[in-house]
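Each remark here refers to the structure printed beneath this line.
The values are calculated or read from the model by the stated rules, or taken from the named source; none is laboratory data. What you see is a predicted model; the values in this text were computed from it and never measured. Virtual Cβ from ideal backbone geometry, glycine too; neighbours counted across all protein chains shown. Note: accessible area is taken over every heavy atom of the protein model, side chains too, but ligands, DNA and RNA are not part of it. Shrake-Rupley method; radii C 1.70, N 1.55, O 1.52, S 1.80 Å.
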Amino acid sequence: MEKLKYERPIIKKLNTGFSNKFGSQLKNEVVTHLEGVGVKELIRQYGSPLFVISEKQIRRNYQHAVRVFKTRYPKIQFAWSYKTNYLNAVCKIFHQEGSWAEVVSGFEYEKALGNGVPGNKIIFNGPDKTDEQLVKAARNNSLIHIDHFDELYSLIKLSEEFQLKPRVAIRVNMDTGIYPKWDRFGFNYENGQAWNAITRIINCENLNLVGLHCHIGTFMLETGAYAIAAVKLCDLLRNIKEKHNKTIQYLDMGGGFPSSNTLKGSYLPGVDTVPTIDQFADAITGAILDFGFRQDELPLLILETGRALIDDAGFLLGTVLANKRLSDGRRSTILDFGVNTLFTSFWYDFKISPAQDGGQYTEETVLYGPLCMNIDIISENITLPLLQKGDHLVVHRVGAYNMTQWMQFITLRPNVVLLDQEGHSHLIRKAETLDYIESAEQIPAYLKKDTPS
Amino acid sequence: MKTETTNTSTRRKLVIAVTGLNAIDSPGPGVAVLRAIRECPDFDVRIIGLSYEPLEPGIYMHDLVDKAYQIPYPPAGTENLLHRLKYIHEQEKIDLIIPNFDAELFSFIKLSDDLNNMGIHTFLPDLGQFEARHKTMLFKFGKKHKFLIPEDRLIHQISDLTKAADELDYPLVIKGKYYDAIIVNSKDDAQKAFLQLQAKWGLPIIAQQFIKGTEINIAILGDGKGNAISIIPMRKLFITDKGKAWAGITIEESSFIDLAHQFITATKWRGGCELEVMQTNDGKAYIMEVNPRFPAWIYLTAAAGQNQPATLVKMALGEKVEPFKDYVAGKMFIRYSWDMIVEVGEFQKISGMGEL
Amino acid sequence: MRFKRNIATSEAGFIFNPASGDSFSSNPIGSEILTQLKEDKSRQEIIEVIASRYDVEKNQFERDLEDFMSQLRDYNLLDEN
C-alpha cells in the first residue's frame, strides 16, 4: 500500500485577538527554480548557503532604467555604484551595458581600473581620499567629487605641486524636506557653504569645475525630494553661469532609489509602496526641464543608482538546520545563514519562499541564523509552510549591500554564482577557506614554538 | 432622481462585498453601509462580508450578511489580497466592493484596475487624492486650496516636540500616522503620547494645534468630476470616551454645505468621504481631518433622505445620478450595542477556515 | 499524561476546551493523533500507526510528536498525571 504524504502534526489556537495577522489565505509561493535552474541542484553543486545573481535581471533592470530616463531627457549617464555590489563579474555586466564607475574609496577606485574602466569614466566620491589617490585620479582625468574644504585645499595644493588640472565637482547637501537630512556629506546649499566652495574652485586656475553632485539619502520613498534637490542644483548651475560665466557640464543626482524590499517597521510592503523608477525620473527630469534652460544648455544628467538595479537580481539560498519550540510556545527555525551573511536583514523584512512543496498548512515562525549570538535573527515572525530539517529556502532581493557588507564571523563566506542569460551557472566568488582567511595572518616567532604536549 | 430600475419586478440582482464589519464600541462603517444598501428598493442584493478578524460582529449578522470571508491584512500586500479576492470572486461573482477602512484603502485603490478587469467595480478616489488628504499632508493641502486647517508639525524625534510646542502652544493634539489622537497639556504628556503612538503606528508623529469649538461631521459623496452628489452635515450630540459619536443629529447650515462643495471642487473626490470640522466660537470652520471613506454613522444619510451608500452603488455601476437637493434636518441617531448569541462552531469556522 | 476527557474534537479538525473556552484547529494528521490519544493509545502505539500509514521515518515522527505533545501541554489540553 502506498503511504500517505507526511506533514508535521500541528495545533493552533484560534485567536480572538489581533494576532491572526495573515491568516491561512496567504499565497504560498514555492520557488523550486530560479530562471529554470533548480534550487536543489544549485545547492547540490555549490553548497548551502549560496548567493545567486541573475545576469538577465541585471540587464533588464539597467536597460529599463536607461530607457525610462532617456525617453524623458536627452543626456543621461549611469555610473555603477561599486559599494552596492563590487564583485567584478557584476561590475563588468554594468560596464558592458555602458555604465561608468562610481567609487567611494581608493580600494574601489583600483577595482574600477582593474575592471578596465577608463579613468575619465570613474567618479570618485566620498570623504576619504588620500593624497596619493587624489593625484592618481587627477592624472587619470577622473571626476573628483570634493566632500569638504580640507579636501578642496589638499587638492589645490597637490594640483600646484604636481601641475595637475583635475576635473572636479562638489557634493552639495541641502534641505529637501526629508528626514534625516544628510548634511554630513559635502557642502551645504542653504547656508552658502556650497557657493563659497564653488567660488574658491573657480578662482583656482588649476581646478576645472565640471559638475555638481548631490546624494540626498538612501532608500528614498519621496520622489518630490529629488525634484527639490534638482532645482537647487540647477539654481547653482545658473548662478555659476551668470556670475562666473562658466558652463557646468553635468548634474549628478547620486543614488538612493529604493528596491522593492520592505523596510522593517513599515505598515505596507515595499512592492506596493515603493515608487517606480519612472516616478523618480519624472521628478528629476521634470524639475530640470522646467527650470528654463535652453535645449543646448541642458547639462548631462548622471545617476549613481545602485540598489534599485541589483537588489532583485540577487537571491540567497539556504537550508533549515533545525526546528525548535521556544519557551513561550513560539516555533523557531534555525537556518544555515545569519546576519553575518545577510547583512541587510538588519533593516529589511525579506520575502522568503520555501523551495519545496510544504502542503497547505502554515505556521508562524521566528527565523534564526546559525551564529552563537542573540542578535542573529533573520525574521522575527514569518508565516511559512511546515519546514523540516534539510528543507531549502529562497530569500529574495539580496543583491545590494550584502556581498560588500557581509561579515566573516566564526564561519566562512559562501560561494556566489552568476546565472548567465542562457541559464548556465558560473562561480564568481569562491567560498572562503581557512587558508584564505589565515593567509593574511602572521605569527610572531616567539609564538611559533609548538605548544607543549 | 430618475432611474430606469425602480420597477420592483426588475429589481437588479447585485453581489456587493463590504469590509469594516467591526460594529463594536469604536465601530467600522461596514454594517451601516450594507444596511443602507439593503434598504434601497432598486436592487436585490447578496452581501458578502470581508473581515480581518474572526470576532467582527458583522460576520455573524446573518440577516444582513449572506456570507463572510476573511481577507489578509494590508501588510500582507496587494498580491496576497488579490489572490484571496480572486478566490472569493470565483465563488460569488462579485459586482462591487466597498472598502471601509483607511488602512486598507491604499491596497484597494492600487488594485482597482485589476478588480475592474475581473468585472468587479469599485468607486474610489485615485492615489493622488487619497494621499493629499493624509494627516501628514493636510496642512499643505489646506494651504493650497485655502481651507482653514489647524497648523501642525511632523515630529521625527522626541526632542522636536519642544520646538513644536513653542511654536504651536499647549494644548496640543498628538496624532498617530494612521489612527489615534491624544490631547496633551504639558511636555511630559506630549512625550508620553509620542512614545505611545510611535510604538503603535511608527513615525512620523503629528503635533497639531488644538482648536476649541463644536464638532461637525459632514458625509459627502463625490462623483470624481468635482460634483458633490450628496452632502449631509451632522453634529455630534454626545461623544464616547473614544471620541466617537454616541448620538448625532443632521443639521441644516449653508456654510457647511458650501465648505463641502469647495472641498469636492478642489479635490474632485470620487466616492464617499467625511470631513471632520471644528467650528470655533467666532464662526470659523477648521477642517480637522478628511476621512477617505464613509463614516460609521452613514446610515443617518439614508434616514435623512440621501442614501449615500446606495447612490454610490449606482455610480459605481455607471449609472448617471443627479445631485440630491433635500434632506431632513433634525434626524437623530443614537448608537446602541447588542449582545448577539453565537455558536462556538461558527467562530471556529470563520477563524479556522476563513469562511462563514 | 493523557488527553483531557471533556475536550471536543470535530471532523474538520476543530478542538474545543469547555473548561477554558479556547478553540483550536489542527491539520489532518494532528486530528488523527488526537483521536488516538483519546483512545488512550500509548506514544509508542501512535508512532507505529503513523509510521505505517505515512511516508515518514520513525525517529523524525518521534521528534515531531514530542513537539506536538509539548504544544498540547502548553495549551493545557493534557491531564498531568
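Number of residues in the range C:21-51 that are part of a helix (DSSP H, G or I), of a type outside the set (S, T, N, Q) and either open to solvent by 20 Å² or more (accessible area, probe 1.4 Å) or closer than 25 Å to residue B:344 by Cα (or both) equals 12.
Under the condition of being open to solvent by 20 Å² or more (accessible area, probe 1.4 Å), out of contact with any strand residue (DSSP E or B) (no Cβ under 9 Å at 6 or more places or on another chain) and outside any helix (DSSP H, G or I), the residues counted in the range B:64-117 number 2.
If the condition is being within 13 Å of chain B (Cβ to nearest Cβ) and of a type outside the set (S, T, N, Q), then the range C:8-27 contributes C:8, C:11, C:12, C:13, C:14, C:15, C:16, C:18, C:21, C:22, C:24. Restricting to the range A:375-415, count the residues that are part of a loop (DSSP other than H, G, I, E, B), open to solvent by 20 Å² or more (accessible area, probe 1.4 Å) and either closer than 14 Å to residue A:334 by Cα or without any contact (Cβ under 8 Å) to a residue 60 or more places away in the chain (or both). So the answer is 6. Counting only helices (runs of 4 or more DSSP H) that sit completely within the range B:285-356, those holding 3 or more residues that are open to solvent by less than 60 Å² (accessible area, probe 1.4 Å) and away from chain C (no Cβ under 14 Å) correspond to B:299-303, B:308-316. Going through (1) free of Cβ contacts under 8 Å to residues at least 40 places away in the same chain; (2) within 26 Å of residue A:161 (Cβ to Cβ); (3) in a helix (DSSP H, G or I) one by one, residue A:242 falls short only on (2).
Being open to solvent by less than 70 Å² (accessible area, probe 1.4 Å) and among the β-branched types (Val, Ile, Thr) is a description that does not apply to residue B:183. Considering each residue of the range C:57-68 in turn, none proves to be more than 8 Å from chain A (Cβ to nearest Cβ), surrounded by 15 or more Cβ atoms within 10 Å (Cβ to Cβ) and within 30 Å of residue B:346 (Cα to Cα).
For the structure I just gave you, tell me whether residue B:96 is at pLDDT below 95 and of a type outside the set (Val, Ile, Thr). Here the answer is no, as residue B:96 does not meet what is asked.
Tallying residues that are modelled with pLDDT of 95 or more and either open to solvent by 10 Å² or more (accessible area, probe 1.4 Å) or out of contact with any helix residue (DSSP H, G or I) (no Cβ under 9 Å at 6 or more places or on another chain) (or both) within the range B:46-56 yields 1.
Among the residues of the range A:315-325, are any surrounded by fewer than 18 Cβ atoms within 10 Å (Cβ to Cβ), without any contact (Cβ under 8 Å) to a residue 60 or more places away in the chain and closer than 30 Å to residue A:4 by Cα? Within the range A:315-325, one or more residues are surrounded by fewer than 18 Cβ atoms within 10 Å (Cβ to Cβ), without any contact (Cβ under 8 Å) to a residue 60 or more places away in the chain and closer than 30 Å to residue A:4 by Cα. Taking every residue in the range A:151-172 that is touching a residue at least 40 places away in the same chain (Cβ under 8 Å) and pairing it with any residue that is part of a strand (DSSP E or B) and acidic (Asp, Glu), at least 6 positions away or on another chain, the pairs with Cβ-Cβ distances below 8 Å are A:169/A:252.
Return yes or no: is residue B:157 open to solvent by 30 Å² or more (accessible area, probe 1.4 Å), under 17 Å from residue B:273 (Cα atoms), not assigned by TED's automatic domain parsing to the domain that holds residue B:71 and not in a strand (DSSP E or B)? So residue B:157 does not fit the description; no.
The set of residues from the range C:69-81 being open to solvent by 50 Å² or more (accessible area, probe 1.4 Å), more than 7 Å from chain A (Cβ to nearest Cβ) and among the acidic types (Asp, Glu) comprises just one member, C:80.
Selection over the range C:28-52 of residues that are within 9 Å of chain A (Cβ to nearest Cβ) and touching a residue at least 12 places away in the same chain (Cβ under 8 Å) gives a count of 8.
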